[in-house]
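Here the structure is laid out as C-alpha cells; the discussion comes afterwards.
The values are calculated or read from the model by the stated rules, or taken from the named source; none is laboratory data. Only a predicted model underlies this, so the values are computations on that prediction, with no experimental measurement involved. Here the Cβ is made from the backbone with ideal geometry for all residues, glycine too, and neighbour counts use every protein chain on show. Accessible surface is based on the protein model in full, side chains and every heavy atom, while ligands, DNA and RNA are left aside. Shrake-Rupley method; radii C 1.70, N 1.55, O 1.52, S 1.80 Å.
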Amino acid sequence: LQKELKSINWNQVDEYPSFGQCDSLSNAKANQACFFDYLTQLIQARLGGDTLSLIYPDLDSINLKITILPNATFTFEPQVPDTIAYNKVFIDSIFKARLVGFPKVNPAIKRGLPVKTQFVLPIVLHEINR
C-alpha cells in the first residue's frame, strides 16, 4: 500500500473537469481545451458589463483562482497584482455577484473519484469592455 501511495502523482488528475458539451470529445487534451475555452467565455461574458477597467485603468487583466470542488461547485478568487492600489472588497463583490449560476460541471477525477482542483485563469479586462 505504501509503495502504491508513493507511486501516485497527487498533483495531476486522471480526467480534468468538464462541461457537458465537452464530454463528447474522446481526446483528453481536446476535452481540457474545450473546458478552459468555454469557462473563459462564460466568465468574460458575465463580466462584460462591469467597469473594472474604467475604475482601474492600469488593470488590463486579472488572474482568477478557480476551485472546483468534488460536489461540482465553483469558488472564484480574484488575484490582483500588489503593484496596483485597489479595493479588494469591491473587486471581490463584483466577481461574486457576476459569477453565479454556472452550468453543471463534472469535477476532475483521480483514480475513479471526484477530486478538488484549482487553477489560475487569466481574464483580460480591457477586451471585455471594448
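Can you tell me which residues in region 1-11 are surrounded by fewer than 10 Cβ atoms within 10 Å (Cβ to Cβ) and assigned to a loop (DSSP other than H, G, I, E, B)? Give the steps one after another, and end with the answer.
Within region 1-11, the subset surrounded by fewer than 10 Cβ atoms within 10 Å (Cβ to Cβ) is 1-7, 9-11.
Leu1, Asn9, Trp10, Asn11 - these are the residues of region 1-11 that are surrounded by fewer than 10 Cβ atoms within 10 Å (Cβ to Cβ) and assigned to a loop (DSSP other than H, G, I, E, B).
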Considering only residues that are under 13 Å from Asn106 (Cβ atoms) and exposed (fewer than 12 other Cβ atoms within 10 Å of the Cβ), look in region 18-55 and name the one that is modelled with the lowest pLDDT.
Ser24
Among residues of region 61-108, those that are touching a helix residue (DSSP H, G or I) at 6+ places or on another chain (Cβ under 9 Å), in contact (Cβ under 8 Å) with a residue 60 or more places away in the chain and closer than 17 Å to Phe35 by Cα, counted:
5
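Going by the structure shown, is Phe35 in contact with a Leu (Cβ under 8 Å, 6 or more places away or on another chain), within 22 Å of Thr117 (Cβ to Cβ) and either part of a helix (DSSP H, G or I) or in contact (Cβ under 8 Å) with a residue 12 or more places away in the chain (or both)?
Details: in contact with a Leu (Cβ under 8 Å, 6 or more places away or on another chain): no; within 22 Å of Thr117 (Cβ to Cβ): yes; either part of a helix (DSSP H, G or I) or in contact (Cβ under 8 Å) with a residue 12 or more places away in the chain (or both): yes.
Answer is no for this residue.
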If we keep only residues of region 109-130 that are modelled with pLDDT of 90 or more and in contact with a helix residue (DSSP H, G or I) (Cβ under 9 Å, 6 or more places away or on another chain), then the residue least open to solvent (accessible area, probe 1.4 Å) is Leu121
